[in-house]
Structure formats: structure tokens, C-alpha cells
Amino acid sequence: MSDNFSNLSDILKDSFVDSKRVHNAFKCSTLFSFWSQIAGKKFENTSKPYSIKNSKLFVSCENSYVVQELLMYKNILLKKILPYSSALGIDVLDIVFDYKNWNVSMQNQIDDGFPEFYTDEKLNSICVDTSDFDVVFKNIDASEYLSDEQKEKFKNRIIKLQKAKKLRFS
């Protein structure tokens, strides 16, 4: 038997975590985490974004009434999502709402380990290199759509998500 063992977290980090697909998924999940701020409290529990393909954001809704109401606000939502998506380097040019997969999407939700899962004390104990986010942070700072408070919340959320990712794979 070999004495040369690797930790599973090291194998995952080397092969899985650093892939382009994972980085894209991380960006999308970061964008999705701001949905309640984009759509508002009224829609945070009745609609959930689940995918971005070909510059289209796909949002699952609880029922057809929610779909109809969100369709009326579609242009406003596109404007509200712009500062978040552009800062992350994601193009969102259209939003597609559907209700047929609401039950499936709610049943298949996976704990994504967002910072709410970890205590602030635990997150503060993790160090991350914020230079990885310099481009994103510059885009956030340059955004004319966000207030200074929103910009700081956005940057802090990204840092917390990165810390949570590190905790999951450590």
C-alpha cells in the first residue's frame, strides 16, 4: 500500500474548484443571491433565479400570477440587475419567467453554503486574497447605479461567499 495520500479537498481544489465552469457557477450564484434586492421583498419568496444561458436569466416562479406580474416589471428588473451582473462580468439581456418547474426547483435546492450557513466568527477566521476580485471591485466602484452603501454590501457579500467556499473545501 502506498503512503502517498492526498486529501480529498486538495484533489477537488486542483481539479474541480479552479475550473472555468465552477468560476462561472460561483458568479451566477453570487448574482442569484442578490435576487431579493433586485426583485424586492414581494417576490423574494415567490421567485428564484436558477440559470443563465445565452445572456438570458431564467427565473422560476411560484405560479402564473407571479410570472405575469414580473413580466410587467421586466424592463425595470433588467435595469436593476445591470450593476450586479456587469460587476460580475455576466451579460443579462433578457429574463425568462416560468412556473412549471417551481416545485421541482424547490425540491432540488441544494444547500449552497452561503455565508448565512456560517457564523460571522467562523467567516472572520478565514483569510482570502481580495486581489482576485480587483477587477470586479473596480467595476462595482465605477457603477453609477449603486449607492456607496450598496457597493460596500456587494463587495462584502462577494468576500463572504469566497470565505464560505474556502470553508467548504478545507
Considering only segment 128-160, state which residues are buried (at least 16 other Cβ atoms within 10 Å of the Cβ), aliphatic (A, V, I, L, M) and either touching a strand residue (DSSP E or B) at 6+ places or on another chain (Cβ under 7 Å) or closer than 17 Å to Leu31 by Cα (or both). Val136, Ile140, Leu146, Ile158, Ile159
Selection status of Glu44, over 27 Å from Lys151 (Cβ atoms) and charged (D, E, K, R): no
Based on this model, can you work out whether Leu93 counts as loosely packed, with under 13 Cβ neighbours inside 10 Å and modelled with pLDDT of 85 or more? yes
Segment 38-78, residues that are within 23 Å of Arg157 (Cβ to Cβ), without any contact (Cβ under 8 Å) to a residue 24 or more places away in the chain and either in a helix (DSSP H, G or I) or touching a Pro at 6+ places or on another chain (Cβ under 6 Å) (or both): Lys41, Lys42, Glu44, Ile76, Leu78
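The values are calculated or read from the model by the stated rules, or taken from the named source; none is laboratory data. Quantities reported herein were computed from a predicted structural model and do not represent experimental measurements. Positions of Cβ are generated from backbone atoms using ideal geometry, with glycine treated the same way; all protein chains shown enter the neighbour counts.
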